[in-house]
Structures are given as structure tokens and as C-alpha cells.
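First up is the structure itself, then whatever we jot down about it.
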Amino acid sequence: MEKKKILIILNYYAPYISGVTEYARLAAEMLARDGHDVTVLASNHAGLAEREEINGVHVHRAKVLMKISKGTISPAFIVLARKLSKQADVVNLHCPMLESGLISLLIPRAKIVTMYHCDVNLPASFINKLIVRIMDLSHRICLGRSRAITVTSVDYAAHSRVAGKYLDKTMEIAAPIKEYFPQKIEKGDKKVIGFCGRIVEEKGLDVLLKAFESIRGQRDDVELRIAGDYRSVAGGSIYPRLKAYVDENGIKDVYFLGKLPEDEMPRFFSALDVFVLPSVNSLEAFGMVQIEAMRCGAPVVSSDLYGVRSIVRRTGAGVVSKTGDHRDLAACILRVLENREKYSRSVEEIEQVYSNKIWGDSYKKALFG
């Protein structure tokens, strides 16, 4: 295949970690390994280097003027997007992104392929409602000008406020996978329930804590391990509130592990008897972490959210629980703990449904036609 110049644009990029940033990073590095000239443009939200190369990817970071909620305001971001796009054969925008509509108006339609990750949902307030409306409008402009739109699941896109209007040019391509493998772990006496992700509102960790509290009322041979960043999270972390709930209610065997090094993740997942993704709104559109856990032999309990539920349904490696219902979540976790072998799958079984080859072939087809 002819080598292309590809520009990937999103608000946050490595070393910041979220589902969107990890998707973009893995995509960029895969394309760079294939020999393409890959550039990433992101905002400089944390005093990082303005330009650097990360695993073969040229990274540009635009100066941030100010931050609003989880977003950034950066005139330089738009200027750089226009400048860098002139040199690119393909411009791959990753939404949600406030500036996406304006940026798309500055780039020829034939170059634009947009990865639409999720709709924006914010806590109820007049200002947040205004922000959501502005972002929805920006995303509609962007998707309308895109040559192609990619999504992690049609299940999510069909129910999206924004992407649902553009299904005629939408492709389902799932997500890149971190290729973890199960590790041999010395199992203790306790059943281990686990979560990994940013410690933020939309992840439903308050629901998980209430579910665990209910489970502890029925059996004391369980513990809950919560891994994930709560120190440098866009929009702020809810860790203090969660820790206060645990302390005030005297819930034993709850461990906040913080952000784990990448090389420790296979051991973390392999030690689990069940992995839980209790997310509560459409900011969670897929949940790559479910597949990472499944590859290490951990069955999954996920929320009944569009897109998120599709992974468990397609692999059979777990149970789907009612979104935001801690009693049903507790019941589903107990069901998996009591029938772990029924829901556990091998790497080979997971790769029949989700693999980097399946994803990579689809992603490149979307970008290059």
C-alpha cells in the first residue's frame, strides 16, 4: 500500500489516559509501524513538550488558553489543525471535541474521516446544558462534512443523539486491543472483584461500592480492587467522595490502587474472579478494558449501556446488569462468582470476535477506502 501522511486530531493524548486517548494512541502507533507518516495534534493541557516523537508518531501540542469542565479552549489548536491538515492525505478527527465542527470547515471533505466515540453528557445545570448543545452542534457539522464515520459499535451509534443521523456513512470497527495474556497467580481465600479506569462520575463507582456493600452482607470472602488514576483527571476525580463513603460506612476490603504501570496490568486482570464495568451514561460507549480483562480469563459484568453491553453479548464472557441499579449489579456479580468457569473465555475465543487484525483491517479500510 502507498504510504500516506495521516493527521490525527483530538483534545487529549498520551501520557493522558482515557478510552479515547488510548484508542488514538494505539491507532497512531499501528499506522506508524506500517510505515505511514503519522502526526498527532492535541492540546497542551498539562505543560508537556510542544513537540516530541512517541513510538514513531510525531506529536504536536497546542497551547491552552483556558479550561472549561473537561474541555480546553485553544485558538492555537485550530490554527495548527489547519496548518498541519494541508500536509496530510487523511485527517482523522476523534470526537467528542468542541472544535471539531470549526476544524472540519477548514479541511476539504475528501480528507476527513471522523472517529465518533460518544455523545457528551454532563451533570444537570444551565451552563452544562448549553455546553452539550454547542458540542452536539459542532459534532453534527463535523460528521456532516466527514467522508466516512467510524464507531466502536452500531449498537451505540444507532442510539446516539448525533451519530444516529449519519448511519448511511458509518462503519463499525470496534477498537484496538492491548494484547494482554493470562498470568499464573497464587489465588488467596478471597474472591476478587475488580475495576480499572478513571475514577470519575460516569464510571458508576458509587453504584459498585453499594453493590459490594450488599455482597459483603451476604458473604465475607470477597474484596474489591479499584485501579485507576484519581490524581490527574480532566474535570476532576470523585475519589474523595468514594473514599469517604467507604470510611463512613465501615466497608472492609476495598482497595484503591491508583494508576498501575502498564506492565502490571496482566497480573491485575489475571488475579480477578470478576471484572466490573458499572458505567452509568453514554460517555462510556464501548469499554476496551472489558476485552483486556477477558483476555486474562476474568469474566465481566457490564452495564446495559448501548455499545458497552455488546462486548459481553458477543463473547458470552460475562453478564449484563441493569444500569445504575446496585442491587441488580450485586446479583450479577454473585452469579458470575458462583459460575466463573461458565463465563471465562480463552484468548483464542476472544480473538475470534475482537482482535487487532480485525480492527486494524477495518480501520485502514475506513481511512484509505
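The values are calculated or read from the model by the stated rules, or taken from the named source; none is laboratory data. These numbers were taken from a predicted model, which means no experiment stands behind them. In this analysis, Cβ positions are derived from the backbone assuming ideal geometry, glycine residues included, and neighbour counts consider all displayed protein chains.
So that you can scan it fast, the table gives a plain yes or no per residue for (1) acidic (Asp, Glu); (2) surrounded by fewer than 19 Cβ atoms within 10 Å (Cβ to Cβ); (3) in the same structural domain as Leu122 (by TED's automatic domain parsing):
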residue	(1), (2), (3)
Pro299	no, no, no
Ile311	no, no, no
Gly316	no, yes, no
Ile333	no, no, no
Glu341	yes, yes, no
Q: Being under 12 Å from Val274 (Cβ atoms) and touching a Phe, Trp or Tyr at 6+ places or on another chain (Cβ under 7 Å) is the filter here, so list the residues in segment 297-312 that pass it.
A: Ala298, Pro299, Val300
Q | Members of segment 237-255 found to be under 11 Å from Leu205 (Cα atoms) and among the aliphatic types (A, V, I, L, M), listed by number | A | Ile238, Leu242
Q.
If I ask for residues that are of a type in the set (Gly, Ala, Ser) and at pLDDT 95 or above, which ones from segment 13-42 would you list?
A. Ala24, Ala27, Ala28, Ala32, Gly35, Ala42
Q) Within segment 240-256, can you find the residues that are more than 17 Å from Lys191 (Cα to Cα) and touching a helix residue (DSSP H, G or I) at 6+ places or on another chain (Cβ under 9 Å)? A) Arg241, Leu242, Tyr245, Val246, Asn249
(Q) What's the total number of residues in segment 229-283 that are aromatic (Phe, Trp, Tyr) and buried (at least 19 other Cβ atoms within 10 Å of the Cβ)? (A) 5
Q: Look through Gly164, Gly188 and report the one residue that is small (Gly, Ala, Ser), surrounded by fewer than 22 Cβ atoms within 10 Å (Cβ to Cβ) and modelled with pLDDT of 95 or more.
A: Gly164
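For (1) β-branched (Val, Ile, Thr); (2) closer than 23 Å to Met135 by Cα; (3) crowded, with 17+ Cβ neighbours inside 10 Å, each residue gets a yes or a no:
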| site | (1), (2), (3) |
| --- | --- |
| Ile17 | yes, yes, yes |
| Val40 | yes, yes, yes |
| Val57 | yes, no, yes |
| Leu98 | no, yes, yes |
| Ile103 | yes, yes, yes |
| Pro108 | no, yes, no |
Q: State yes or no: is Ser74 among the hydroxyl-bearing types (Ser, Thr, Tyr), crowded, with 23+ Cβ neighbours inside 10 Å, farther than 24 Å from Ala366 by Cα and at pLDDT below 95?
A: yes
Q | strands (runs of 3 or more DSSP E) completely within segment 1-117 that count 3 or more residues being on the phi < 0 side of the Ramachandran plot, of a type outside the set (D, E, K, R) and within 24 Å of the chain's Cα centre (by Cα) | A | 5-9, 37-44, 57-63, 71-73, 90-95, 112-116
Q) In segment 24-35, which residues are surrounded by 22 or more Cβ atoms within 10 Å (Cβ to Cβ) and either basic (Lys, Arg) or more than 19 Å from Glu99 (Cα to Cα) (or both)? A) Arg25, Ala27, Ala28, Leu31
Q: State all residues of segment 314-324 that are on the phi < 0 side of the Ramachandran plot and in contact with an Asp or Glu (Cβ under 9 Å, 6 or more places away or on another chain); if no residue qualifies, say none.
A: Thr315, Ala317, Val320, Ser321, Lys322, Thr323
Q.
Give all pairs with beta carbons closer than 6 Å in which a residue from segment 213-237 that is touching a residue at least 40 places away in the same chain (Cβ under 8 Å) meets a residue that is small (Gly, Ala, Ser); count only pairs at least 6 apart in sequence or on separate chains.
A. Ser214/Ala330; Ile215/Ala330; Arg225/Gly194; Gly235/Ser69
(Q) I'm trying to understand the selection: among the residues of segment 118-157, which are exposed (fewer than 14 other Cβ atoms within 10 Å of the Cβ), in contact (Cβ under 8 Å) with a residue 12 or more places away in the chain and assigned to a loop (DSSP other than H, G, I, E, B)? (A) Pro123
Q: Only residues that are touching a strand residue (DSSP E or B) at 6+ places or on another chain (Cβ under 6 Å) and on the phi < 0 side of the Ramachandran plot: list them for segment 279-293, please.
A: Ser279, Val289, Gln290, Ala293
